[in-house]
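Asker: Here you go, one structure.
The values are calculated or read from the model by the stated rules, or taken from the named source; none is laboratory data. Everything quoted here is computed from the prediction, not taken from an experiment. Cβ coordinates were reconstructed from backbone atoms using ideal geometry, including for glycine residues, and neighbour counts include every protein chain displayed.
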Amino acid sequence: MSIHDTAAAHSPARRNWLKAAGALAGLTLVAGPSGLVMAADAVKYGGDKMAGGVVDDTLVFLSIAADGIVTIVVHRSEMGQGIRTSLPMVAADELGADWAQVRVQQAPADEARYGSQDTDGSRSMRHSFRAMRHVGATARLMLETAAAVRWDVPVTQVKAVNHAVVHAASGRSLSFGALAEEAAKLPVPPRARISLKTADELRYIGQNSTRGIDLHDIVTGNTHFGIDTRLDGMAYAVIARPPVFGGKLKSVDKTAALKVPGVLRIVELAGSPPPAMFNPLGGVAVIAKNTWAAIKGREALVLEWDDGPNGDYDSKAFRKTLEAAVRQPASPARDQGKTVATLAAAPAARKLSAEYYLPHLAHATMEPPAATVRIANGKAEVWACVQAPQATRSNVAKALGLAYDDVTVHVTLLGGGFGRKSKPDFAVEAALLSKAMDGAPVKLTWTRDDDLQHDYLHTVSVERLEASLDAKGMPTAWLHRTAAPTITSTFAAGANKQAPFELGMSAINVPFAIANIRVEVPEVPAHTRIGWFRSVSNIPHAFAIQSFTAELAHAAKKDHRDYLLALLGPARKISPADLSDAWNYGEDPAKYPVDIGRMRHVIELATAKAGWGRKLPKGRGLGLAVSYSFVTYVAAVIEVEINAAGEVIVPRVDIAMDCGPQINPDRVRSQIEGACIMGLSLAMSGEISFKNGRVEQSNFHDYSVLRAADAPHVIHTHLVPGTLDMELGGVGEPATPPIAPALCNAIFAATGKRIRALPVGMQLAKRA
């Protein structure tokens with residue numbers, strides 16, 4: 001029987017427990033202007049600040065059946081990061097459950113019940129770790145209380161151990177299953193009664209041996225990704241979308257498409273005026289008996305498009321626009337000291353400047369977007385690989401003209417996400433097509449071509465750095481101009497300036513010990529859909545800053561590692577506000593200051609493990625970069641070899657991470673390794689380019705991702721130990737930003753050639 005809130009039995013032990021449980025929760029009290037003490041709403045940070053907040057209700061997340069099976073609900077989306085293992089593992093450990101008897105249930109979209117379900121920002125564990133500990137500890141106390149009541153002994157004399165509650169004094173033991181019904185009749189104890197386990201009492205948290213919930217099913221092909229949905233009477237669809245963002249359909253000839261065997265219907269979809277938000281792009285959908293027929297039907301369409309205002313978008317020309325923007329003064333986002341005056345007064349021989357370019361990037365998830373929708377009796381059901389279940393639910397409801405409560409969203413596994421699947425436009429498309437088919441289930445599949453050509457792309461950017469130097473080669477002033485179309489353009493028409501959260505990703509919050517620092521932000525337009533992407537703006541900002549730092553070290557004839565440590569200065573904690581960063585990843589600045597000691601340590605750890613300074617053969621070099629992102633500290637050292645053909649080979653990568661306590665170290669390491677592979681892939685070959693408003697790439701033949709043969713020979717991960725009383729940092733995203741600059745710094749060490757524009761591509765190729 002599941003644990004739930006029902007009436008309780010009477011006993012002396014029960015009465016004692018109820019008496020203890022009657023403690024009231026406290027209010028936050030502050031002194032008012034007149035000295036009066038009054039209740040006040042505390043400023044919200046972290047998970048509490050998210051829409052839906054954090055829920056730690058045991059009755060919502062955990063149940064125990066009579067056979068002893070513990071079911072734990074996961075409210076975040078699984079896309080390879082292991083959250084369907086890690087969050088239940090936390091609750092199970094506090095509960096005292098046998099992991100072999102734990103089952104996981106995926107939560108549907110229900111923010112009111114489960115709290116925020118957004119799986120992005122590397123915050124699932126950061127925001128839910130303590131909540132899930134509370135869930136497990138509460139259930140443990142309920143089981144222990146039920147056993148104490150049955151044996152009529154104080155609850156302090158019993159203990160939940162390995163799926164049973166034991167009374168050591170008498171040698172008695174009861175399984176979780178045997179106690180489930182009695183525990184279910186108890187009220188949930190108040191927070192004041194809940195005690196968490198000490199570190200030495202934990203069996204799973206911080207260990208490497210926990211079985212992954214989905215690994216066996218993934219390997220054997222028994223999982224359910226978005227594309228795997230099958231329903232009776234289901235039709236299949238693909239869509240021909242406008243090739244230019246903001247374009248519209250002028251005409252369509254459906255004749256040939258309707259003759260393709262298996263094609264059932266062709267539906268025109270209206271586009272949406274800007275801003276893009278999560279709305280469909282419009283176009284022409286082909287609905288068929290199978291996906292292949294739908295694809296062949298789409299190929300047979302004769303289409304004419306009105307390209308609209310972005311029909312002349314050319315990424316090569318736009319690069320020049322960005323370069324022009326960073327060469328002119330712009331409004332400051334951070335202005336410390338007298339940067340402009342100091343730079344102006346410095347002689348040319350003691351000034352250094354450089355510009356860095358990063359193109360549009362595509363998410364290129366292993367599983368492109370896919371969604372299935374069925375409408376019946378005025379209600380809609382959605383099956384989709386989404387990172388934002390609640391946004392999916394609300395957007396589908398709006399598109400269909402249904403009440404929010406009349407839409408159910410079933411979250412499938414995601415074959416990768418990286419931020420793309422936080423935008424549920426594809427689920428809305430599937431909903432509209434089901435409506436066009438009178439509610440019959442329709443599965444919409446995005447092909448790889450669709451995915452690359454109609455993505456919410458990572459922004460293109462040009463970063464300009466200028467510094468004046470003292471006699472020892474150390475900066476006396478630091479100027480950074482960052483020009484990039486902003487993500488906010490997807491949500492607000494005319495937005496043309498990076499938002500505070502974008503600038504708070506390694507631009508304004510550079511923590512160098514420099515007296516004069518100024519960060520300027522020119523205004524530039526967006527010509528395509530811009531969306532968040534794994535590590536977001538940290539990628540271009542860190543690439544520029546960490547590359548420029550290496551250039552400064554070289555100009556000063558100093559070791560890069562030593563120079564970087566000198567730039568950071570002594571170990572200290574800096575308030576984000578002192579860096580003009582009011583965002584701080586949404587976290588409490590008192591709990592999450594910028595800790596220079598921790599940043600220095602990951603540099604020292606990564607370089608020590610990599611053998612920094614060791615003699616290398618000709619054509620080999622080591623490169624270093626450090627990054628603070630998603631309140632986690634990461635340093636990377638990359639070794640490269642440049643062969644006779646100018647090809648880049650990566651024999652070894654060393655990455656040190658300080659994310660606080662590692663709840664599931666195996667998944668932390670795998671996330672670091674994945675971030676390294678992705679970072680190298682983006683740096684070496686990642687580029688989405690535009691001509692005549694159209695994306696020029698269409699599949700992996702011209703948007704190359706790192707192949708196994710080109711991957712690092714070894715990736716060493718070095719985790720800084722943390723304790724459970726520390727605040728948690730992010731894991732999924734922070735290891736990506738330092739990869740590109742570390743790679744390019746290594747290339748310089750090996751060849752003497754600076755790479756200031758990504759991707760590296762064929763820049764080193766030997767030409768006949």
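Asker: Tell me which residues, restricted to region 574-604, are in contact with a helix residue (DSSP H, G or I) (Cβ under 7 Å, 6 or more places away or on another chain) and among the charged types (D, E, K, R).
Answerer: Selection gives GLU587, ASP588, ARG600.
Asker: So, one more: Does LYS254 fit the bill of being among the basic types (Lys, Arg) and crowded, with 18+ Cβ neighbours inside 10 Å?
Answerer: In short, yes.
Asker: Here's a follow-up. Quick one: in region 429-455, which of the residues that are within 24 Å of the chain's Cα centre (by Cα) and within 28 Å of VAL104 (Cβ to Cβ) is surrounded by the fewest Cβ atoms within 10 Å (Cβ to Cβ)?
Answerer: By that ranking, first place goes to THR445.
Asker: Can I ask one more? Determine which member of the set PRO589, PRO651 is of a type outside the set (Asp, Glu), under 30 Å from GLY82 (Cα atoms) and surrounded by fewer than 17 Cβ atoms within 10 Å (Cβ to Cβ).
Answerer: Checking each option against the conditions leaves just PRO651.
Table: residues versus (1) more than 35 Å from the chain's Cα centre (by Cα); (2) surrounded by fewer than 16 Cβ atoms within 10 Å (Cβ to Cβ); (3) in a loop (DSSP other than H, G, I, E, B).
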position	(1), (2), (3)
PRO329	no, yes, yes
ALA349	yes, yes, no
ALA354	no, no, no
TYR357	no, no, no
ARG374	no, no, no
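Asker: Count, please, the residues in region 715-752 that happen to be among the hydrophobic types (A, V, I, L, M, F, W, C) and in a loop (DSSP other than H, G, I, E, B).
Answerer: So the count comes out to 6.
Asker: Still on this structure, I have one more. Determine, yes or no, whether THR476 is out of contact with any Pro (no Cβ under 9 Å at 6 or more places or on another chain) and either touching a residue at least 40 places away in the same chain (Cβ under 8 Å) or under 14 Å from TYR356 (Cβ atoms) (or both).
Answerer: Taking the combined requirement at face value, the residue satisfies it.
Results for (1) at pLDDT below 95; (2) of a type in the set (S, T, N, Q); (3) loosely packed, with under 15 Cβ neighbours inside 10 Å, shown as yes or no for each residue.
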{"site": "GLN157", "(1), (2), (3)": "no, yes, no"}
{"site": "ASN162", "(1), (2), (3)": "no, yes, yes"}
{"site": "VAL165", "(1), (2), (3)": "no, no, no"}
{"site": "LEU186", "(1), (2), (3)": "no, no, no"}
{"site": "ALA199", "(1), (2), (3)": "no, no, yes"}
{"site": "GLN207", "(1), (2), (3)": "yes, yes, no"}
{"site": "THR210", "(1), (2), (3)": "yes, yes, no"}
{"site": "ASP217", "(1), (2), (3)": "yes, no, yes"}
{"site": "PHE225", "(1), (2), (3)": "no, no, no"}
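Asker: Any chance you could count how many residues in region 481-498 are of a type in the set (A, V, I, L, M, F, W, C) and surrounded by 18 or more Cβ atoms within 10 Å (Cβ to Cβ)?
Answerer: Going through region 481-498 one residue at a time, the tally reaches 4.
Asker: Which members of region 359-372 meet the condition of being surrounded by 15 or more Cβ atoms within 10 Å (Cβ to Cβ) and either in contact with a Lys or Arg (Cβ under 7 Å, 6 or more places away or on another chain) or of a type in the set (A, V, I, L, M, F, W, C) (or both)? Quick ask: steps written out before the conclusion?
Answerer: So the first thing to find is which residues in region 359-372 are surrounded by 15 or more Cβ atoms within 10 Å (Cβ to Cβ), and the list is 359-365, 367-372.
Once the filter is applied, which keeps residues that are surrounded by 15 or more Cβ atoms within 10 Å (Cβ to Cβ) and either in contact with a Lys or Arg (Cβ under 7 Å, 6 or more places away or on another chain) or of a type in the set (A, V, I, L, M, F, W, C) (or both), region 359-372 yields LEU361, ALA362, HIS363, ALA364, THR365, PRO368, PRO369, ALA370, ALA371, THR372.
Asker: Which of the numbered conditions does THR145 fail, given that it passes all the others? Conditions: (1) among the β-branched types (Val, Ile, Thr); (2) more than 25 Å from GLU94 (Cβ to Cβ); (3) in contact (Cβ under 8 Å) with a residue 40 or more places away in the chain.
Answerer: Of (1) among the β-branched types (Val, Ile, Thr); (2) more than 25 Å from GLU94 (Cβ to Cβ); (3) in contact (Cβ under 8 Å) with a residue 40 or more places away in the chain, only one is false for THR145: (2).
Conditions tested, residue by residue: (1) part of a strand (DSSP E or B); (2) in contact with a Cys (Cβ under 6 Å, 6 or more places away or on another chain); (3) small (Gly, Ala, Ser).
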residue	(1), (2), (3)
LEU249	yes, no, no
VAL252	yes, no, no
ASN279	no, no, no
ALA294	no, no, yes
TRP305	yes, no, no
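Asker: With ARG767, ARG667, ARG754, ARG707 as the choices, which residue is surrounded by fewer than 19 Cβ atoms within 10 Å (Cβ to Cβ), touching a helix residue (DSSP H, G or I) at 6+ places or on another chain (Cβ under 7 Å) and basic (Lys, Arg)?
Answerer: Numbers: ARG767 fails: touching a helix residue (DSSP H, G or I) at 6+ places or on another chain (Cβ under 7 Å); ARG667 fails: surrounded by fewer than 19 Cβ atoms within 10 Å (Cβ to Cβ); ARG707 fails: touching a helix residue (DSSP H, G or I) at 6+ places or on another chain (Cβ under 7 Å).
Within the list ARG767, ARG667, ARG754, ARG707, the selection yields ARG754.
Asker: Would you mind telling me which numbered condition in (1) assigned by TED's automatic domain parsing to the domain that holds ALA544; (2) closer than 22 Å to VAL536 by Cα; (3) not β-branched (Val, Ile, Thr) ARG756 fails?
Answerer: For ARG756, the exception is condition (1).
Asker: Scanning for something in a helix (DSSP H, G or I), buried (at least 24 other Cβ atoms within 10 Å of the Cβ), in the same structural domain as GLU727 (by TED's automatic domain parsing) and not hydroxyl-bearing (Ser, Thr, Tyr), does region 682-695 turn up at least one residue?
Answerer: There is at least one residue in region 682-695 that is in a helix (DSSP H, G or I), buried (at least 24 other Cβ atoms within 10 Å of the Cβ), in the same structural domain as GLU727 (by TED's automatic domain parsing) and not hydroxyl-bearing (Ser, Thr, Tyr).
Asker: (1) surrounded by fewer than 22 Cβ atoms within 10 Å (Cβ to Cβ); (2) touching a Phe, Trp or Tyr at 6+ places or on another chain (Cβ under 7 Å); (3) part of a helix (DSSP H, G or I): which one isn't true of LYS398, the others all being true?
Answerer: Unmet condition: (2).
Asker: Taking region 259-275 only, how many residues are over 17 Å from LEU249 (Cβ atoms), under 33 Å from the mean Cα position of the chain (by Cα) and among the hydrophobic types (A, V, I, L, M, F, W, C)? Don't jump to the end; show me each part of the working.
Answerer: Of all residues in region 259-275, those over 17 Å from LEU249 (Cβ atoms) come to 259-264, 275.
Now drop any that are not under 33 Å from the mean Cα position of the chain (by Cα), which leaves 275.
Those left that are additionally among the hydrophobic types (A, V, I, L, M, F, W, C): none.
The qualifying residues number 0.
Asker: Could I ask something else about it? So the check is Cβ under 7 Å with 6+ separation or different chains; which pairs have a first residue in region 176-199 that's of a type in the set (S, T, N, Q) and a second one that's at pLDDT 95 or above and part of a helix (DSSP H, G or I)?
Answerer: Every condition considered, the pairs that remain are SER195/ALA137.
Asker: Got a sec? Which helices (runs of 4 or more DSSP H) wholly within region 1-86 have at least 1 residues that are modelled with pLDDT of 95 or more?
Answerer: In region 1-86, 46-49, 58-61 are the helices (runs of 4 or more DSSP H) which contain 1 or more residues that are modelled with pLDDT of 95 or more.
Asker: Moving on to the next point. Restricting region 639-673 to residues that are under 18 Å from the mean Cα position of the chain (by Cα) and among the small types (Gly, Ala, Ser), which is farthest from MET726 (Cα to Cα)?
Answerer: SER670
Asker: Which strands (runs of 3 or more DSSP E) sit wholly inside region 446-561 and have at least 3 residues that are out of contact with any Phe, Trp or Tyr (no Cβ under 9 Å at 6 or more places or on another chain)? Give the steps one after another, and end with the answer.
Answerer: Values: elements: 461-469, 475-483, 516-520.
Hits in region 446-561: 475-483.
Asker: Let me ask something else about it. Mind counting the residues in region 568-586 that are of a type in the set (S, T, N, Q) and surrounded by fewer than 17 Cβ atoms within 10 Å (Cβ to Cβ)?
Answerer: Number of matching residues: 1.
Asker: To continue, here is another question. Given the residues LYS379, LYS320, which is the only one that is out of contact with any helix residue (DSSP H, G or I) (no Cβ under 7 Å at 6 or more places or on another chain) and basic (Lys, Arg)?
Answerer: Numbers: LYS379 fails: out of contact with any helix residue (DSSP H, G or I) (no Cβ under 7 Å at 6 or more places or on another chain).
Every option except LYS320 fails the conditions.
Asker: Also, quick follow-up: How many residues are crowded, with 24+ Cβ neighbours inside 10 Å, not charged (D, E, K, R) and not in a loop (DSSP other than H, G, I, E, B) when one looks only at region 87-101?
Answerer: Result for region 87-101: 7.
Asker: Would you check which residues across region 142-163 are in a helix (DSSP H, G or I) and under 18 Å from ARG203 (Cβ atoms) and list them?
Answerer: Correct list: LEU143, GLU144.
Asker: Another question, then. Please verify whether region 610-624 includes one or more residues that are in a helix (DSSP H, G or I) and crowded, with 20+ Cβ neighbours inside 10 Å.
Answerer: The answer is yes; a qualifying residue exists.
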